[in-house]
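Right, one structure below, let's go through it.
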Amino acid sequence: MENREQSCCFTGHRIIPKEEYAEVTRRLQWEIVRLIGEGVRYFQAGGALGFDTLAAQTVLRLKKSFPSIRLILVLPCKTQHQYWKAKDSFLYQKILKSCDRVIYISEEYTKDCMYRRNRYLVDHSQYCICYQTKSSGGTAYTVNYAKKQCLSVTNLAQQQLSFF
């Protein structure tokens, strides 16, 4: 079972501008490796398009170098990808098959399953890596909830990495 002190969740927008994608990916990988160095072993993603997918792919890629880390998908419902484009659904299925554990919040879509998924992610984590550029919406709600729950929050949209 996952230990909250060794867990990090991800939350972010479904759209990452193309011109920012490479830099966000680099920052994300750097932050995950930093947290692994601090003893974080469990990485929880919500399975949505955009940042969640990028985070899950990054964890899976890093598992090759850090085999002790685990990717846990916390999904709002079993039908989340039902209306997605074929290429997005294919990638989702690939991540689903490669992750270490899947937690479904609900069997079927409900009006609050996304909200409950986001709270679960925060309630079972000590760290939160996000990509937040807007002050409203699901990502903003989740980040604000994470801060209220005293998680260590890193926003890759605001972060400037420098190496000296």
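Just to verify a number: FRET efficiency for Gln149 and Lys18, C-beta to C-beta distance, R0 = 41 Å, to 0.05?
Working: r = 33 Å, r/R0 = 0.80.
Efficiency, from the Cβ-Cβ distance: 0.80.
The alpha-carbon atoms of the chain, seen along their principal axes, cover 49, 35, 33 angstrom, with the largest extent given first. Placing pseudo-labels 7 Å out from each Cα toward the beta carbon at Ser68 and Thr110 gives an inter-label distance of 3.8 nm.
In the chain, helical runs assigned H by DSSP with n ≥ 4 each contribute -39500 (n - 2.57); averaged across all residues and rounded to the nearest 500, the mean residue ellipticity at 222 nm is -13000 deg cm²/dmol. Taken per residue, the accessible surface of the range 1-150 reaches 53 Å², heavy atoms only and a 1.4 Å probe.
Since only Gly50, Leu75, Ser89 are under comparison, the one whose Cα sits farthest along the positive direction of the charge dipole of the chain, derived from C-beta charges on Lys, Arg, Asp and Glu, is Ser89. Of the residues Ile15, Val59, Ile105, the one whose Cα sits farthest towards the positive end of the charge dipole of the range 1-111 is Val59 (charges of +1 on Lys and Arg Cβ, -1 on Asp and Glu Cβ, taken about the Cα centre).
Cα gyration tensor of the range 1-91, axes a ≥ b ≥ c as square roots of the eigenvalues: rounded (a/c below 1.5), prolate (a/b > b/c) or oblate?
Working: a/c = 2.07, a/b = 1.32, b/c = 1.57.
Because a/c hits 1.5 or more and a/b fails to exceed b/c, the range 1-91 counts as oblate.
Dipole magnitude for the chain: about 240 debye, using +1 per Lys or Arg Cβ and -1 per Asp or Glu Cβ, origin at the Cα centre. Using the Cβ-Cβ distance between Thr79 and Arg41 with R0 = 30 Å, the FRET efficiency computed as 1/(1 + (r/R0)^6) comes to roughly 0.50.
The values are calculated or read from the model by the stated rules, or taken from the named source; none is laboratory data. This is a predicted model, so every value here is computed, not measured. Neighbour counts are summed over all protein chains in view; Cβ atoms, including those assigned to glycine, are modelled from backbone coordinates with ideal geometry. For the accessible areas, the whole protein counts, side chains as well, though only heavy atoms, and no ligand, DNA or RNA atoms are used. Shrake-Rupley method; radii C 1.70, N 1.55, O 1.52, S 1.80 Å.
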